[in-house]
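The values are calculated or read from the model by the stated rules, or taken from the named source; none is laboratory data. Keep in mind the model is a prediction, meaning the values are calculated, not measured. Heads up: the accessible areas ignore ligands, DNA and RNA and are worked out on the full protein's heavy atoms, side chains in. Shrake-Rupley method; radii C 1.70, N 1.55, O 1.52, S 1.80 Å.
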Amino acid sequence: MMVFTKRYPSVGAVPGTLVIAEDAPPPRIHVIVYTPESVREHDISDVEQLQGLISEDAVMWVDVQGFGDEQVSIVLGKGYVLTFQERYGDVLDPVRRRIHEGKGLTLRGQGADYLAYAIQDTIIDGYYPVLEILGDQLADLEDKIMTQPGPRLLRKLNRTKNMLSDLRRSLWPQRESVNSLIRDEHPLVTDVTRMYLRDTYDHCIQTTEVIEMYREMAGGLMNTYLSSMANRTNDVMRVLTVMASIFIPLTFLAGIYGMNFDYMPELHFWWFYPLMWLAMLLLGGTMVLYFYRKGWMSASTNGLPDDEDPED
C-alpha cells in the first residue's frame, strides 16, 4: 500500500505550481469518447490532439496517468471529465467496462456529471477490499499478541496503524467534496446525479466509520501488547525473585561456616557436615514447596490452580 506523502510547493511559490518528483513516470494520456451508440478510445501524446476529438453530442473522458503527485484529481466540465492520477494503473477498470458494455443504468446514456460520479464512487468502493485486508490483519494480531508478543509483532501493528491513518487522511477530503456537491447547487451537476452522489456519500461515511473503528482497535491492541509484555516481564522477575529467595538463606549459612576462624566448635563435630547439608536441603525444599503452592513458580495465574477458572 502506498503511504500518503503529499508534496507541497516551496514557500512563496506561484499559486498552481506543480511539484513533480524526479522519479515520477512520464505522463500518458488515454481518451474515451462515447455516445449512447458508440465508444472510441485513443492514446495521445500531445494535448493538441484533443481538439479533434471534441464533440458536442459526446462525453469525453481524458485520463492522465503518471502525474507525479500522490492523489487522484477529477475535473468536471461541460461534456468532459478530466482525471489526473499519480502513477500507471488504477481501480477504474469497472467504469471503463460499464462504458463499453452499456448494461444496467447505461453510463453512455448520461452526461459528464454522471461519469464523474461513477469515477468517484468506484474510487470510494476501492477502499472496502483494503479495509477488509486490514481487518483480517488486526484479527490475526489480536490472536498473536496474547501468545507471541515481540518486536516483530509490534512493527506490524505500527504499520497497520499508519496505514489506517493514511486512509483516513485520504478519505476525509473526498467525503467533504461529495458532501459539497450534494449540498451546493452546481450548473454542471443534475438532480439525478446528485441523488446518486448521496449513495457515494453514504459509502464515505461507512468507510470512515470502519477506519475509525479499526484505529480504535489498533490502539487497544497496542495497550494489550504493552500489558502482555509487562506481564511477561513480571513473570521473569517473579521467577528470579523466587530463585534469589531460595538461595539467600543458603548463601547465608554457607557464608557463616565458610569463615576462616580458628575457634569454631561446630567444625570439630563429625556429624555437623551432613547435618548442615540436611538443614540446607530441608530449608530449600520447604521454600520451593511453599512458593509452588502459592503459584509463584509458574506463569501468572493470580494464585489460582491451573484447572481453576476465575469466573467459576
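Would you list the P(r) distribution for segment 174-218, with all Cα-Cα distances sorted into 10 Å bins from 0 and each bin expressed as a whole %? Per 10 Å bin, starting at zero, the Cα-Cα P(r) for segment 174-218 comes out as 28, 43, 19, 10, 1 percent.
What the Cα atoms of segment 81-141 give is an Rg and a Dmax of 14.8, 48 Å. Across R169, R194, R152, the residue with the most accessible area heads the list, and the full order at a 1.4 Å probe is R152, R169, R194. Rounded to whole Å, the principal axis extents of the Cα atoms in segment 167-254 read 96, 15, 13, largest first.
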